[in-house]
4 protein chains.
Amino acid sequence: MAEPQKPAQVKHKKNRLEAFSDGVFAIAITLLVLEIAVPAVEEIRSSGDALRGIGHEWPVYLAYFISFMTIGAVWIEHSALVDALDHIDGVFMRLNLVLLLFAAFLPFPTRMMSEWKGVTEAERVAVVFYGIVLLMMVLMLILLGRHAEREGLFGEDIADERKEEARVKYQLMPSLIAYVVAALVGFFVPQIGISIYLIIAIWLAIPLRDVRRLFGRSA
Amino acid sequence: MAEPQKPAQVKHKKNRLEAFSDGVFAIAITLLVLEIAVPAVEEIRSSGDALRGIGHEWPVYLAYFISFMTIGAVWIEHSALVDALDHIDGVFMRLNLVLLLFAAFLPFPTRMMSEWKGVTEAERVAVVFYGIVLLMMVLMLILLGRHAEREGLFGEDIADERKEEARVKYQLMPSLIAYVVAALVGFFVPQIGISIYLIIAIWLAIPLRDVRRLFGRSA
Amino acid sequence: MAEPQKPAQVKHKKNRLEAFSDGVFAIAITLLVLEIAVPAVEEIRSSGDALRGIGHEWPVYLAYFISFMTIGAVWIEHSALVDALDHIDGVFMRLNLVLLLFAAFLPFPTRMMSEWKGVTEAERVAVVFYGIVLLMMVLMLILLGRHAEREGLFGEDIADERKEEARVKYQLMPSLIAYVVAALVGFFVPQIGISIYLIIAIWLAIPLRDVRRLFGRSA
Amino acid sequence: MAEPQKPAQVKHKKNRLEAFSDGVFAIAITLLVLEIAVPAVEEIRSSGDALRGIGHEWPVYLAYFISFMTIGAVWIEHSALVDALDHIDGVFMRLNLVLLLFAAFLPFPTRMMSEWKGVTEAERVAVVFYGIVLLMMVLMLILLGRHAEREGLFGEDIADERKEEARVKYQLMPSLIAYVVAALVGFFVPQIGISIYLIIAIWLAIPLRDVRRLFGRSA
């Protein structure tokens, strides 16, 4: 509460940024479920098969799963990054707001992708649009890390953690390139684009830091 | 903030996992209400009885109540588990994310069960589907506890609490089996399946630890 | 973290109960806005008056305002109560869950009341139903306070605050009776019932503790 | 926990007000996305152009962006204000509740503005209505700051921060006047009104404190 004031910088405490970000991530990830429509009773009755009714919805479940895992992974990285910081500045808060803008927006392209599934031309556009939003989330995360490093927002005593943080970019950076590839390929063959999004989501969710430690590369 | 770093493990602080989980549980539990439709005015007018209009919706209220109590009970157990931990690791965060995936998904089978009520074949599928999601939540909770025990994430000074935690599994484990039974029975007689879900929700919500203490088995 | 364990009672920390409750209250209060429908463009076009279109929605705005203020007031009392506690027990967590059940459910009768407005018989039922949910929230709040007092959950050093808390019941208790009156009257004359709900919401929102101090009755 | 009690004032801790406010702001900002409708598949099919389908929705995206940035900026200011406080009183909690009332209400006029776009007379009303809600948010923020200053809620050790806070009003005050101008102009030329809302949102989001420091006017 009585933190020293450096003359050239306004320091902000992290707790409310964390609380607000956790809120937005948690809501965005939970709102996704509202996009999944229950097959109408009439539909079930005419086809006489409820299981097929559920099965027919698989692109919706897939889109739900990809969006959920991607937001989840971005939240984990966000949490690791902010955890390693000593304090934040006003620019960090604004960059963070832009990250949240894309996270909160994700339910829209998710819905679009599952609604336009099967409509050739529309599907292409949806897959690219969806990829751009995913890409923007990861991009903003990288920018937040860059800004924190440039402005010296990291804590002094967590130098190791900080380097660790830098190494994390090896996980984020390739996914950035993979998103561009997926969006480009997805414009021509939507199914492959979506498959790559799925792979990236799983890749981002791997606890790479723990895995590296397991194989003896401890800091 | 200046916590000691063990070489072979990345420690994470619990506070953001708690905040994010609380957020998802709170939102999932509150979104359930959106699934309850107000009977249309025309319907009320033609039947001339608003009370019957509300009463007719009882399966929806029941599904709402079961889902609310189950998420509530899972949240209470989750909160007791994480409370007893000293720190968490990356795997715990990912397992937790899968638990949240099912909690956030619950409004969907809840809606399905109340919309397909009365449509013989569809109802069966909905009751089984709903049971599987409930079962997965409890399963993930047990896996989280197992992982925490195996990796020594519990605090040293709360050894008693930890054993207490182990004992809690006596509450979770039977419900796991009960879910399997309920889903199987529910496929043939949906009403009985739903009744068992209701009983499990109430069973999970019993403050068993406090009850045990009351009867003199203090630690 | 290393709190002493009494033999006959399981103590729980308050922070996650606070976080979860804040989440549910915040979501319930914010979801209310989804119940307000924008008048259709065709409607506006035919009547040629958008202002009247908005004005025509006044019962919806009123229901929104009453629900918002009531949840807000309940949150303030909840926050004051839990703030005065030293710790909580398992029963408190379950009672709290029931309070949250009604708070999370409130958007439903709110929608019902604004949709059934003007349909004589249905309106009566909606007004009574709405009042019962409001009453249950306040009742659960009183039960929580009672339980805390009986089980000695209040902090030792905040004896004054605790008495203060008891005095708060003078604010909650009359509103309980007023809800019963409002629901009864509302069954015959809905408009008066709703007016009383509005008055109770405003009454509950008065910072009575501060007002009492102003007039010199300091503790 | 054992904070000293002044006789003439009830002190409240800030943490739950922060948590509740963060929750409401986070939910309001995330619910906005539900207002954006995905263009129907039939529409896309008939026009044969999905990109145009998305592009046609630009007023919706613009309204989403303005609302998101305005709530975001209000949250940042709210967070800076409460951060500088030592404690809060009952009146502060109620004023804060009114601020949250308008923040939680914002998704409604946002939806109205994007749905009534292009319908001459209705559009005018929507633009003015939307502006009034934005204005009320900023007004409540200023009132909160005023109340805190008058009642001496600021911490003693953060006198500089406090003055800083006062200076912030130079950012809020002009936006208040700009909202009145925008609403008035917007009644006659909606497009210009909306453009001014956009400019205010960007203006509010500028990290003015950091910018001032950059140019050497450190405290």
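The values are calculated or read from the model by the stated rules, or taken from the named source; none is laboratory data. These numbers come from a predicted model, not from an experiment. Cβ atoms come from the backbone with ideal geometry, glycine included; neighbour counts cover every protein chain shown. Note: areas computed on protein heavy atoms with side chains; ligands, DNA, RNA excluded. Shrake-Rupley method; radii C 1.70, N 1.55, O 1.52, S 1.80 Å.
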note = Long-range amide H partners of D:His56, meaning residues 5 or more apart or on another chain whose placed amide H is closer than 5 Å, are none
task = Would you mind checking which residues have amide H under 5 Å from B:Phe154's amide H? H placed 1.01 Å from N; only 5 or more apart, or other chain.
result = B:Asp86
Teacher prompt: C:Ile177 distances to equivalent labels in other copies, 7 Å Cα→Cβ, nm = 5.4, 5.4, 7.6
note = With all protein chains in place and a 1.4 Å probe, C:Phe25 shows an accessible area in Å² (nearest 10) of 0
note = Distances in nm between the label point of C:Leu34 (7 Å along Cα→Cβ) and its equivalents in the other copies, shortest first, are 0.3, 0.3, 0.4
inquiry  = Could you give each residue of region A:174-189 its phi-based ³J(HN,Hα) in whole Hz, using Karplus coefficients 6.51, -1.76, 1.60 with θ = phi - 60°, and x for Gly or Pro?
reply    = x, 5, 4, 5, 4, 5, 4, 4, 4, 5, 5, 4, x, 5, 8, 10
ask   = On alpha-carbon atoms, Rg over Rh for region D:60-105 using Kirkwood Rh?
value = 1.08
request  = Give the nm distances, rounded to one decimal, from B:Asp86 to the matching residue in every other copy, measuring between label points 7 Å along Cα toward the beta carbon; shortest first.
outcome  = 2.8, 2.8, 3.9
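How big is the D/A interface in buried accessible area, both sides summed, 1.4 Å probe, to the nearest 100 Å²? Walk me through the numbers before you get to the answer.
Values: alone 12430 and 12420 Å², together 20910 Å².
When D and A are taken together, about 3900 Å² of accessible area is lost.
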message = A drop of at least 20 square angstrom in accessible area, chain alone versus all protein chains together, probe 1.4 Å. Which residues of region A:74-88 meet that?
response = A:Trp75, A:Ile76, A:Ser79, A:Asp83
message = In Å², and per residue, what accessible area does region B:14-97 have when probed at 1.4 Å with the other protein chains present?
response = 28
task = Once you've got the Cα coordinates, tell me which of B:Lys14/D:Lys14; B:Lys13/D:Lys14; B:Lys14/B:Lys117; A:Lys13/C:Lys13; D:Lys14/D:Lys117; A:Lys13/C:Lys14 are over 32 Å apart.
result = B:Lys14/B:Lys117; D:Lys14/D:Lys117
